[in-house]
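Contents: one structure, followed by commentary.
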Amino acid sequence: RKEVEQDPGPFNVPEGATVAFNCTYSNSASQSFFWYRQDCRKEPKLLMSVYSSGNEDGRFTAQLNRASQYISLLIRDSKLSDSATYLCVVSPTGTYKYIFGTGTRLKVLA
Amino acid sequence: NAGVMQNPRHLVRRRGQEARLRCSPMKGHSHVYWYRQLPEEGLKFMVYLQKENIIDESGMPKERFSAEFPKEGPSILRIQQVVRGDSAAYFCASSPYRDNYEQYFGPGTRLTVT
């Protein structure tokens with residue numbers, strides 16, 4: 001089983017739609033969680049950290065479920081510019097290591 | 001405040017040559033990480049360095065790969081005697097603190113081995 005698993009997609013959604021991605025992780029000792037966004041042939045860019053209480057940044061909401069070992073990302077009112085690959089990142093407790101999922105591709109259609 | 005800088009952005013090497021990839025962290029960041037992304041795969045951790053120290057190189061192939069972060073100047077990832085399988089995007093990231101902290105990525109170096 002992979003340490004971090006994501007549905008590769010692609011998720012094709014119309015503009016204005018709400019879309020959600022899940023990411024599961026296998027190491028229960030994981031401490032820190034992040035969502036990054038990666039555009040084609042570009043570097044990953046930090047979208048948001050994921051806190052235990054959940055957090056929201058504009059149209060983006062991240063949730064953490066420790067019991068079931070998954071994190072989620074919800075995007076409301078999708079824009080064309082949201083088209084990208086969304087990377088789930090997990091960092092075990094007390095380490096600097098980032099463990100990346102392979103990403104979920106999102107295409108927002110006009 | 002300049003972000004993480006990497007150069008060159010694209011590098012073409014013939015099999016057997018050496019590749020040198022450079023990374024300058026963000027100002028104020030003393031922790032540097034190198035990752036490799038193969039086509040259609042996720043990023044994989046290679047090595048973690050602080051100034052003049054390799055902290056963790058557990059993700060580095062045992063042979064041909066080395067990394068350094070000297071007191072002055074950028075961090076260098078060096079690949080000797082490159083093979084076609086080394087073709088990938090190599091990303092450098094930096095952070096101001098170590099554990100469980102946000103890492104910021106440079107634009108990457110795309111290495112092509114012909």
*Could you order A:SER28, B:SER24 so the one with the most accessible surface comes first? Probe is 1.4 Å.*
A:SER28, B:SER24
*Cβ under 11 Å from B:SER87's Cβ, B:SER87 left aside: what net charge do those residues give with Lys, Arg +1 and Asp, Glu -1?*
+4
*asked:* I need the Kirkwood Rh of the protein assembly as shown: take the reciprocal of the average 1/r across all distinct C-alpha pairs and report it in angstrom.
replied: 18.1
*Accessible area of chain A divided out per residue, in Å², using a probe of 1.4 angstrom*: 48
_Residue among A:LEU73, A:LEU87, A:LEU46 with the largest mean-square fluctuation in a Gaussian network model of chain A, springs linking Cα atoms under 10 Å_ = A:LEU46
_Could you tell me which residue out of B:LEU38, B:PRO61, B:GLN50 lies farthest along the dipole of the range B:17-74 toward its positive end? Charges go on the beta carbon: Lys and Arg +1, Asp and Glu -1, centred on the Cα centre._
B:GLN50
*Under a GNM of chain A (C-alpha, springs under 10 Å), which listed residue has the highest mean-square fluctuation: A:ALA20, A:ALA62, A:ALA29?*
A:ALA29
*Over the alpha-carbon set of chain B, work out the extent along each principal axis and list the three values in angstrom, largest first.*
37, 26, 24
*On average, how much accessible surface per residue is there in the range B:66-112, in Å², for a 1.4 Å probe, leaving out ligands, DNA and RNA?*
41
*Roughly what % antiparallel, to the nearest 5, for the DSSP beta bridges in chain B?*
90
*Going by Cβ distance under 4.7 Å, what cysteines of chain A have no possible disulfide partner?*
A:CYS40
*State the Cα centre-to-centre distance between the range A:59-110 and the range B:18-34 in whole Å.*
25
*Principal axis dimensions, largest first and in whole angstrom, of the range A:1-100 by Cα*: 39, 30, 23
_Estimated D of the range A:43-110 in µm² per second, where Rh is the Kirkwood radius over Cα pairs and Stokes-Einstein applies at 10 °C, 1.306 mPa s_ = 119
*A:ILE99: accessible area at probe 1.4 Å, nearest 10 Å²?*
40
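The values are calculated or read from the model by the stated rules, or taken from the named source; none is laboratory data. Please read these numbers as outputs of a predicted model, since none were measured by experiment. Virtual Cβ from ideal backbone geometry, glycine too; neighbours counted across all protein chains shown. Areas reflect the complete protein model, heavy atoms only, side chains present, ligands, DNA and RNA absent. Shrake-Rupley method; radii C 1.70, N 1.55, O 1.52, S 1.80 Å.
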